[in-house]
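Colleague: Before anything else, here's the structure in question.
The values are calculated or read from the model by the stated rules, or taken from the named source; none is laboratory data. In this text, all values refer to a predicted model and were calculated from it rather than measured experimentally. Cβ coordinates were reconstructed from backbone atoms using ideal geometry, including for glycine residues, and neighbour counts include every protein chain displayed. The protein model used for the area step is the full one, side chains on, heavy atoms only, and it has no ligands, DNA or RNA in it. Shrake-Rupley method; radii C 1.70, N 1.55, O 1.52, S 1.80 Å.
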Amino acid sequence: MSAINNTKSFHLISSQKISFTFDGKKYTGFKGDTVASALLRNNIKLIGRSFKYHRPRGIYTCGIEEPNALIQILSEHSEPNTRATVKRIYEGMVIVSQNRWPSLKMDIGSINNLLSPIFSAGFYYKTFMGPKGFWKKVYEPIIRRTAGLGKPPKDFRSKSVHHYHNVDIVIVGGGLNGLIAAKKLINTDYDVLLIEQDSFLGGVLNNSKKIKDIDGQENVEWLKNTEDLIRKSKNIKILKDTLVTTYNFKDHLIAIEDKAVESAPTSYKSELALHKIRTKHTILANGHIERFISFRNNDLPGVMLASSFEKYIHRYGVVPDSNPIIFTNNSSTFSLLKSLVDLGCKPLAYIDYRNNSSIEKNILDFLKNNNIQTYTSSEIEGCDGTNILKEVSIRDDKKNIIKIKTSMLCVSGGINPDVHLFTQSKGLIKWDSKYLTFKPDKPFQNTITLGSASGNFNYQSLNEEVNDKLSFLKGAKEIKIKLNLNTADDLNIREIWETKHEKETLWSKSFIDLQNDVTTKDLSQAVSEGFDRIEHLKRFTTNSMGTDQGKISSINSLGIVSKILNKNISDVGTTIYRPPYSPLSFSAIAGRNTYEFYDPKRKTAIHSWHIKNNAVFEDVGQWKRPWYFKLNQSETMHQAVQRESRQLRETAGILDGSTLGKIEVKGKDALEFMNLMYTNAFTKMKPMTSRYVLMLGEDGMVKDDGIVSKINDQHFIATTTTGGAPKVLGDMEEYAQTEWPHLKVYMNSITEQFSTFNISGPKSRAIMRKVFSEVDFSNEKFPFMTFNTFNYLDTKVRIMRASFTGELGYEIYVPPKYALELWEKIFRNGKNLGLIPYGTETMHLLRAEKGYVVVGQDTDGTVTPVDLNLNWMIGKKKKDFIGKRSLSRSDTSKKNRKQLVGIIPIDKNKNIEEGQHIVEIKSLPSNIKEPIEYLGHITSSYHSPALKHCIAMALVKGGNQLMGKKIFVSKSNSSETVESEIVNPVFLDPNNRRLLS
Amino acid sequence: MFLINCPYCGERDQSEFSNGGEAHVKRPENPDSISDKEWAEYVFVRSNPKGIFYERWVHSHGCRKWFNAVRNTSTDEILKIYKLDEKPPSLDEFKHTLQTPSGEPELGSGNFTVKK
Ligand SMILES: [Zn+2]
C-alpha cells in the first residue's frame, strides 16, 4: 500500500510546499519535513546501498539512531553521510543516494552480496593476507571502490562558531521529563540550560498519542504554555536544534547546534555552533531508543521500527504505509495500533511474540474489536522482495509459515534507555531483567537521570520521580502534572533477539548491524574463532562500529552473544560508549580556527620590505623569515644563496634577525641565577659585554644557545633561538619559582619589543659609520662582543658587535616602530658599499663554513657541549649549573661518544647529503640483510662558495681522534657512497682574522 | 577537561595550565657530592601511581605561577591545591576519597561499565 497524509492530528508541518531533488528527480514535501518524511510522503523507500554487500536499504527509523538512510547533500558542499531522518528539507535542496554505481536500483557492487563468504567476520584481517604486495595493488583499490559510505565533501570554508557557557544545571532533552524538570526550576537561583536536539520541545507529546491530554489541556496547548512559562523565567535558557554529543570530566558537556535548519548554506551565516558547557549538575532526560529484532532480510526497505512509524504519523503527518504489519514483543506498540485504527488504516496483521495469557486484556480486546488479524506466540521468520519489501513470512504458534503480501513491516524489539551520555560520564549501568535492558545505576559525576533515560518507562510515575530526584535543589517547586494516558500499563516485554531462518541462501541474511553489514552469523562465527570477549568481538566483526554506533542493535548483539555463550547479559557486559554520541562535523570542531586563523603568522616589522624585494619565506615556528632573496625570476635558490654568501664575504649583508627570542632578566640575584641557568661563567664578565652562551637540560644535553649581554650584575638580556624562546622563558620561570625561590630575580619576554638586524661583512663598519655617524666603531672603542646604547631619533638603539657569519659584524636592536625606517636608512647608506639583504639559508651556509653549530640541526637532544668541542664555554669552576653534574656521568664522559667533525669529499665535485650515514665500507649491498655498522651521520651540508666545494658537519663516534681518516657517506638514491675525509669543522678563517678585523 | 583552581587567579579551564610532573622532587643541593646513581634518580626517575599523586602545575596561559596539586590520577579529581611554599598535605587526608571511575580495582587497568 502507499503512504497517506495524516490530516487529522499533526502540528510540526506547515502547509507550505517545498521542492527538492533526490537522485536527479524533483519531489515536493512540506516545510518542516525531514528528507525521510518527505521521501516517504512521495512513496520513496529505497534510499541507499549498504556498506559491504551493497544491499538495498531504506528508512529504518525517524531520528538520530538511523543506520541506513544516509545521503549526500550536493547543495551543501557535498556533505556526506547525512541522516535523512534528521536533516530537514529546504527549497532547492539537492540530494543523492550513496554507495551505488551506476544507479541506486541497479548496483554492480551488489555482487559483493554473493561473494559474502569472504566478507564475513574478521574479513579485513583474514582474507587479504597474501600474497605479498597484493594488498596495495589489488585488494585495497577494490575495497576502496566498492565498500564505504559517502564521498568526501568538497573543500569549503567553515563558518562555524564556538560558544562557551558556565551554568549551574544543564537539562539534556526537552521532552516531557526535561520540561517538568525545567518547570520545577523556573525562577530559582540556578542558571539553567535546557538543550533539545529537535526544533521543537515535547518529545513523547509530539511523537505519539500515548498521552491523550495533560493537566486537562491538549498536548499542543500544554506544550505552548509550558514553553512560554520557561521562556519568561529569568534563569532558564532553551537551546533547540542542539545535540549534546559529549559528557567529559568534570561536568563538561559539548553540544552541537545546527544553526541552518531548513535553509541552504549562505556565505555569511554560520552553519554550526559548538557549545562548550561547564555545569555543576547535569540532568539527563534524553529518553530512550527502540531496538529491532534480527530475522531473515531484516534490512529490506519497508522494514521500520514501530515507534518511528508512529513518529512519522504524528510529527510529520505522514503515514508511511496505509496497511502495515506489526511485529512486537512488548506493549509499546499498542499506541501505534490505536493511531492507525483512528486514521482508518487497519494493520494487515499483528504478530506478537508473547503468548495470549501474557498480553494485556485491553490490547487483545482492541485487536478483536477491530478485526485485526492477530498471531500470538508468533514471530516474523523473514522478508522477501527485490529492492523493496513484498512479502513477510510469519511463523505461528504451531510453527507453520504463513506468507502475507505487504510493503511495510513495523518492528519493536523493546526499548533501551539512552545510556550513551551516562556511560561517557563514567557512570555505571546495570542490567534490568524486567525490562531486558541496561539502565543507569551509579553516577560518577554530578549526574541525575530522569524518565526513560533512567529506565523508568511508566509515565504515571514520572512526576514523582522528578520531584524526588530534584528535591535537593534549593527553591525548586513541587510539581503536579496530571497525565491522561492512552497506553498499556507497562512494557511487559518477552525476550527475543533473533528468529531462525527457514532456509539458507546467499541472499538470506539476518543483520545485527545494518550500517556495517554485520550478520548474526558473523557473531557466532567470531565466538567460535575465540573472540568471546565483547570488546574483541566488536572489533573483529565491526559490530556497532558505524556512525550510528549500533544505537538500535548493540543490546541485541549482547543478547545473541549471551545465548551463544550461555551467560547472563550482565556477565557479557557492554562495550564502552565513547564520545561523540553522534558524528561531529570537523568544521564545527575547527570553528573559525581555519586557514589564516588556524596558526597565526608572525611577521617582523620589515616584512613589507622583504616582500617588495622578492624574499622567499621560510616558516620558523609561527614566524615568516626571509629564506633567500631572488635577484630575478630565473634565479634558483642555489644561485641566490651562493650569490648572497659570496657578496657578504666581499662587501656586506644584512639579515632581519627580529625573530630571535629575547629575554630580560633583572633582580638582586640575577647574576647568580644566570650562572645557574647557563654553562658559562658570568661573574668575571665585564658590564656592557656579551657572550655566546649554552643552556643545557639536567641531562647535560644542549637545549638552546644564544648571546647573553650583561648590563650589570642585576640586569641581563639573553637571546634565544627563534623556536626556543617560549621554552627557555618557561624553564627560567620554573627554576626561579620551584628550585631557587630564595633568589630575587624576575624575567620577561622582550622578543617583540625589539627588532634586530645583523649586519656583517668587511664593509659593515663603513656602513655603520655612515648610519650612526656619532658612534666610534673602531676596534679599540668598540671591540668584539661589547655593546652600548645610543640615541637615535627620539628613541634608543642598542648596538652589539657580534657575528654568526665569521665576518666583522654588528647587531642592532631597535623598537619595531622605528625599525623599517632604520632598515631603509641602512640600505641608502650601504648601497654604494655593496650591501645586500640575505636570508636564513645564507646565514646557515656562512656559519657552517665557520663550524658554528645550529641547535636543533647539528644537535638533537643527545649532544653535550663536550661533544661539540665547546668545552671552553663551560664554567668548570662554577659549583653548579643546570646539567653540570650530568656531564661527569659515566655515559656522558666516555671517550667514544659521537663528536662534531667536518667532512669533505675527496672528489671535490661530489656532494654530500644531509642526514646520510657515515660508514667504513665503500659500497653498500643493494639488499641489506645484516645491520651495517655506521660511525655517525651528516648534520649539515652546503656547497661552500668560498672553498668551491661541498662542506659538511657530522656527528661521528670518537670523531676527534679520527682527523684525516677516510670514510664513506651513503647516498639517498643509490648504494654507492661518497668517499670523504674527516676534518676540523672550522673550514674558513680558523684564526678569526675576519671576525676580529 | 577539568577545572583547576589557580591559587593566584581562581578557577580556570585546564587548557590554560601545563602539567609539570611529580611534585616535591628536590633538586640535590650539592650535585657534585652524590653518586651517578643518585643523580640519575633525580634526573630520570619519577613515580607514576594510579590514584593519589602529588604533582606540579603552572598557569602557563595565565599568571605563569607554579603551584602544587594533589590529584587522583584515575578519576582526574583534584583533591587539593597548595602553593609551593606550603606544607604538602598528608596522604591520609585523601585516603577516604580514593575511588576509581568504574569501581574497578585501585590498581591495574580495566574498563568496566556494568555494575555486577
Ligand atoms: Zn594563575
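Colleague: Every residue in segment A:329-367 that is surrounded by fewer than 20 Cβ atoms within 10 Å (Cβ to Cβ) and among the hydroxyl-bearing types (Ser, Thr, Tyr), please.
Modeller: A:Ser357, A:Ser358
Colleague: Residues being of a type in the set (A, V, I, L, M, F, W, C) and within 14 Å of another protein chain (Cβ to nearest Cβ): count how many of those fall in segment A:406-450.
Modeller: Kept after step one, since they are of a type in the set (A, V, I, L, M, F, W, C), are these residues of segment A:406-450: A:408-411, A:415, A:419, A:421-422, A:428-429, A:431, A:436, A:438, A:444, A:448, A:450.
Those left that are additionally within 14 Å of another protein chain (Cβ to nearest Cβ): A:419, A:421-422, A:428-429, A:431, A:438, A:444.
So the count comes out to 8.
Colleague: Which numbered condition in (1) within 9 Å of chain A (Cβ to nearest Cβ); (2) within 16 Å of the chain's Cα centre (by Cα); (3) within 16 Å of the ligand (Cβ to nearest atom); (4) in contact (Cβ under 8 Å) with a residue 40 or more places away in the chain is the only one that B:Asp76 fails?
Modeller: Condition not satisfied by B:Asp76: (3).
Colleague: What's the total number of residues in segment A:627-668 that are open to solvent by 30 Å² or more (accessible area, probe 1.4 Å), under 30 Å from A:Trp740 (Cα atoms) and assigned to a loop (DSSP other than H, G, I, E, B)?
Modeller: As a first pass, look at segment A:627-668 and keep what is open to solvent by 30 Å² or more (accessible area, probe 1.4 Å): A:627, A:630-634, A:636-639, A:643, A:646-647, A:650, A:660, A:664, A:666, A:668.
If we keep only those that are under 30 Å from A:Trp740 (Cα atoms) too, we end up with A:660, A:664, A:666, A:668.
Next, only the ones that are assigned to a loop (DSSP other than H, G, I, E, B) stay: A:660, A:668.
Matching residues across segment A:627-668 total 2.
Colleague: If I ask for residues that are without any contact (Cβ under 8 Å) to a residue 40 or more places away in the chain and either within 16 Å of the ligand (Cβ to nearest atom) or of a type in the set (Ser, Thr, Tyr) (or both), which ones from segment B:4-53 would you list? Before the answer, list the steps.
Modeller: Quick first cut of segment B:4-53, residues without any contact (Cβ under 8 Å) to a residue 40 or more places away in the chain only: B:10-11, B:13-14, B:19, B:21-22, B:25-49, B:53.
Listed by number, the residues that qualify are B:Gly10, B:Glu11, B:Asp13, B:Gln14, B:Asn19, B:Ser33, B:Ser35, B:Tyr42, B:Ser47.
Colleague: Say whether the condition of being within 14 Å of chain B (Cβ to nearest Cβ) and either part of a loop (DSSP other than H, G, I, E, B) or open to solvent by 60 Å² or more (accessible area, probe 1.4 Å) (or both) is met by at least one residue in segment A:905-915.
Modeller: Step one: filter segment A:905-915 for residues within 14 Å of chain B (Cβ to nearest Cβ), giving none.
Checking segment A:905-915: not a single residue is within 14 Å of chain B (Cβ to nearest Cβ) and either part of a loop (DSSP other than H, G, I, E, B) or open to solvent by 60 Å² or more (accessible area, probe 1.4 Å) (or both).
Colleague: Could I ask something else about it? What is the residue count in segment A:602-641 for residues that are touching a residue at least 60 places away in the same chain (Cβ under 8 Å) and under 33 Å from the mean Cα position of the chain (by Cα)?
Modeller: Selection size over segment A:602-641: 9.
Colleague: Need pairs with beta-carbon distance below 6 Å; first residue within 14 Å of chain B (Cβ to nearest Cβ) and within segment A:716-738, second open to solvent by less than 30 Å² (accessible area, probe 1.4 Å) and assigned to a loop (DSSP other than H, G, I, E, B); sequence gap 6+ or separate chains.
Modeller: These pairs meet every condition: A:Ala736/A:Val745.
Colleague: Out of (1) open to solvent by 20 Å² or more (accessible area, probe 1.4 Å); (2) more than 18 Å from A:Lys662 (Cβ to Cβ); (3) in contact with a Ser or Thr (Cβ under 8 Å, 6 or more places away or on another chain), what's the single condition that is false for A:Pro837?
Modeller: So A:Pro837 meets the others, but not (3).
Colleague: Identify all residues within segment B:1-53 that are more than 10 Å from chain A (Cβ to nearest Cβ), in a helix (DSSP H, G or I) and within 18 Å of the chain's Cα centre (by Cα); write none if there are none.
Modeller: Passing the criteria: B:Ser15, B:Glu16.
Colleague: For segment A:432-443, how many residues are open to solvent by 30 Å² or more (accessible area, probe 1.4 Å) and in a loop (DSSP other than H, G, I, E, B)?
Modeller: Keep residues of segment A:432-443 that are open to solvent by 30 Å² or more (accessible area, probe 1.4 Å), which gives A:433-434, A:439, A:441-443.
If we keep only those that are in a loop (DSSP other than H, G, I, E, B) too, we end up with A:433-434, A:443.
Final tally of qualifying residues: 3.
Colleague: Also, quick follow-up: If you check every pair at least six apart or on different chains, which have Cβ atoms under 6 Å apart with a residue in segment B:54-68 that is more than 9 Å from the ligand (Cβ to nearest atom) first and a residue that is open to solvent by less than 40 Å² (accessible area, probe 1.4 Å) and not in a strand (DSSP E or B) second?
Modeller: These pairs meet every condition: B:Tyr54/B:Ala23; B:Glu55/B:Ala23; B:Arg56/B:Ala23; B:Trp57/B:Phe17; B:Trp66/A:Gln737; B:Trp66/A:Thr738; B:Asn68/B:Ala23.
Colleague: Something else: Within segment B:83-99, identify whether any single residue is at pLDDT 90 or above, open to solvent by less than 50 Å² (accessible area, probe 1.4 Å), more than 8 Å from chain A (Cβ to nearest Cβ) and farther than 21 Å from A:Gln424 by Cα, and answer yes or no.
Modeller: Checked against the condition, which is being at pLDDT 90 or above, open to solvent by less than 50 Å² (accessible area, probe 1.4 Å), more than 8 Å from chain A (Cβ to nearest Cβ) and farther than 21 Å from A:Gln424 by Cα, segment B:83-99 yields at least one hit.
Colleague: Considering only segment B:54-67, state which residues are at negative phi and either at the interface with chain A (Cβ under 8 Å from one of its Cβ atoms) or touching a Pro at 6+ places or on another chain (Cβ under 7 Å) (or both). Give the derivation first.
Modeller: At the first step, the residues of segment B:54-67 found to be at negative phi are B:54-63, B:65-67.
Answer for segment B:54-67, where residues must be at negative phi and either at the interface with chain A (Cβ under 8 Å from one of its Cβ atoms) or touching a Pro at 6+ places or on another chain (Cβ under 7 Å) (or both): B:Tyr54, B:Arg56, B:Val58, B:Ser60, B:Lys65, B:Trp66, B:Phe67.
Colleague: Let me ask something else. Output the number of the condition that A:Ile921 fails; it satisfies all remaining conditions of (1) under 45 Å from the mean Cα position of the chain (by Cα); (2) not assigned by TED's automatic domain parsing to the domain that holds A:Phe629.
Modeller: It is condition (1) that A:Ile921 fails.
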